[in-house]
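See below for the structure under consideration.
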Amino acid sequence: MSRLERFTYFERVVHWTLGLSFLYLLMTGLAFSHPRLFWITVLSGGGQTARFLHPWIGMLFSVSLGSMFFIWAKDMRLESNDREWLMAVRAYATRQKDGVPPAGKYNAGQKLFFWAMTVLGVVHLASGIPLWMPAGVLGIGPFYGGTVNTMRLLHYATTLGGGGLLIVHVYLGTVAYPGTLGAMLHGRVSRGWARLHHPRWEKEQAGD
Ligand code: HEM
Ligand code: HEM
């Protein structure tokens, strides 16, 4: 078979639910964070609508993050080979292919991105709830002014971290490496792409 299946339909639906909900939260969240940015809410039906939808889209984001975790966590475990890959990250960034140890289905950078987004997602949820329901929820709370302010700061700092990582992720998944976006759109990649970026995974698929 000249093309390999990289992501199932279900994995792609989960990933794009996560991706689109994250972009919506990023956009509306930044709009809430400074009066000068509030105009951004126009793109989402106005301030009231955005304020109402942001936490609910946050719930959608959290559910898809949880699903992604259960589907992919097994493949994202760090192995001894990943340490070597990280040591050679400079060669990867400067496209010196021969200096990069062969990666499996995911390279160490992708694995670390997965774990970082998981942790940041949990912090987003945990800090977003006191902002949403300051009177308390499920017997936890009420959250007083100091706590709410700390959570607001945490929520905002997490957004800056997640937003920064997302820019790198989108760059690597689209313009930097042609053929990668197709993996997440229609699920398949060419053998050449797999051999170049994930040679150990390509070998494992040899029987297909
Ligand atoms: C996961 C569940 C989430 C919940 C329940 C939630 C809830 C909230 C609430 C209630 C606010 C306050 C809105 C206001 O009244 O001004 C807020 C603000 C904000 N949210 Fe979220 N959010 C969540 C996830 C996210 C995510 C994933 C992002 C980023 C991608 C994000 C970015 C922001 C930002 C930047 C603010 C403005 C913080 C500030 O006041 O400086 N949120 N969020
Ligand atoms: C909205 C813009 C996004 C685009 C264009 C995008 C694109 C992609 C592409 C093309 C892949 C496949 C990479 C491969 O086959 O090696 C991928 C994988 C992945 N995406 Fe996204 N993604 C986006 C948003 C997100 C968000 C918001 C998250 C997490 C919160 C996320 C988490 C992941 C993870 C964990 C993987 C697997 C490991 C990796 O390739 O880094 N993505 N994405």
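Relative to the longest principal axis of the Cα atoms of the chain, the long axis of helix 145-171 lies at roughly 30 degrees.
Helix 108-132 and the longest principal axis of the C-alpha atoms of the chain enclose an angle of approximately 10°.
Relative to its Kirkwood radius, the Cα radius of gyration of the stretch 117-194 gives an Rg/Rh of 1.24. At q = 0.11, 0.19 Å⁻¹ the log10 of I(q)/I(0) for the chain amounts to -0.62, -1.39, computed by Debye summation with a single uniform scatterer per C-alpha, solvent ignored. Between helix 47-72 and the chain there is an angle of about 30 degrees, using the helix long axis and the longest principal axis of the Cα atoms.
Every number in this text was worked out from the coordinates using simple rules, so none of it is lab data. All of these numbers come straight from a predicted model, not from anything done at the bench.
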